[in-house]
Amino acid sequence: MPVPIRSGTPKKPSEMMRLFMTTFIGIIFGFFLGISFPTLSLSKMNLPSGLFPSIDLTYIEDKYSGLSKQALFNAWSSLKGNKEASPLLPRYNETEIWVPTNPRGAERLPPGIVASESDFYLRRLWGLPSEDLTIQPRYLVTFTVGYDQKKNIDAAVKKFSENFTIVLFHYDGRTTEWDEFEWSKRTVHISAHKQTKWWYAKRFLHPDIVAPYDYIFLWDEDLGVEHFDAEKYIKLVRKHGLEISQPGLDPDRGTTWAMTKRRDGIEVHKDTEERPGWCTDPHLPPCAAFVEIMATVFSRDAWRCVWHMIQNDLVHGWGLDFAMRKCVEPAHEKIGVVDAQWIIHQGVPSLGSQGQAQKGKAPWEGVRERCRKEWTMFQDRMTNAEKVYYKAMEMDPPNSTAR
């Protein structure tokens, strides 16, 4: 039979390997030769237009101008099986966008996504977020409550318009029972057994949480509000430039400081006369720059300072009323009592009933004893902190800081 004749001569395996190696070495040599020369602009080369009749060289250059030598080197490293990225190019999970204005801990976030403040606005579970609120309350009022005072709180809450966010701090653990009141469904309820107003304030009223509110009311549960209107109160506070204030107290009900007693025929007062020897300076507490802690109202800026002054372990707040003046300047002009909107302190001993009998003492006795101890502890901490500061600054402390 005839033998088929094939064109060409079959290459031996050794010749095929030699051809492959020659081609591979040529590619590698060309690669390194290319990255060894400066970048050449194709659009600036005087190439004949007929050579590339349908190719826009400028487009090619723009499209691939981002391929730097470093990127090519990185690609070559990957080809070699080097899994460790070049130190000159950060890995994705090591990217850090650091901006001095970012809050602490948010340095890895772009500033535009940082939401450093919050609020107590209740949100829906449906619809668009921008449509959740028909009105954004400008003021915040909190009451520390037990269910036994429900009638009193019901009357008080109704004195505050829809411009106020209402927050109830429940020290007796009873929250759902308040749903008998229609307003309760629009109220924020926070519950922790046997805690005080200042314990709640330190943990739930951080300045960045209450930042949207112009004024923050921190009130007790035993306040009669028959002669009080919240909107009128705000107007008077703004008119007289008060950063820290309280309504006047009925002088015929309960024991109170002379400074906080209501005066007839005036809108606001900012100083008083106390018993002889009680005031070392007419601009200092308890003759001026002073309100009590039962029904205090703070501006946003004043609260930011006072919150930092509240000690985490001192829960009764005794002594704060003498020290809050440090948060506004001049204190004797920006702290005052609103006489035209006044309240009655009913003196309900709710905190005493939350105590525990020990060593033959009634529950209220242990609570009152701790109140007095905390007052002394707070004064000592403030005095020592100022001494340490002035010593570090090599300054003599002013007389006005000593008490």
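Derivation of every value follows stated rules applied to the coordinates shown; laboratory data play no part. Only a predicted model underlies this, so the values are computations on that prediction, with no experimental measurement involved. In this analysis, Cβ positions are derived from the backbone assuming ideal geometry, glycine residues included, and neighbour counts consider all displayed protein chains.
Using the Cβ-Cβ distance between TRP183 and ASP301 with R0 set to 35 Å, the FRET efficiency works out to roughly 0.75.
How would THR196, THR142 line up from fewest to most surrounding beta-carbon atoms within 10 angstrom? Walk me through the numbers before you get to the answer.
Values: THR196 20, THR142 23.
Least crowded to most crowded, the residues run THR196, THR142.
Note on LYS158, LYS334, LYS150, LYS197: ascending count of other Cβ atoms within 10 Å places them as LYS158, LYS150, LYS334, LYS197, the fewest first.
By the count of neighbouring beta-carbon atoms within 10 Å, fewest first, GLU221, GLU226 end up ordered GLU226, GLU221. If you filter region 315-403 for GluC sites (Glu not before Pro), then keep DSSP loop positions with at most 11 other Cβ within 10 Å, what is left? The qualifying sites are GLU394. Segment ARG123..ARG381, full-extension length gain: 88.8 nm, with 0.36 nm per residue of separation and the alpha-carbon distance subtracted. For region 136-347, the square roots a ≥ b ≥ c of the C-alpha gyration tensor eigenvalues yield an a/c of 1.5 or more together with a/b exceeding b/c, which makes the shape prolate.
Nearest-5 percent of antiparallel DSSP beta bridges in region 136-347?
Numbers: 12 of 35 bridges.
Percentage antiparallel, nearest 5: 35.
Applying 1/(1 + (r/R0)^6) with r as the Cβ-Cβ distance of LEU109 and MET309 and R0 = 22 angstrom yields a FRET efficiency of 0.15.
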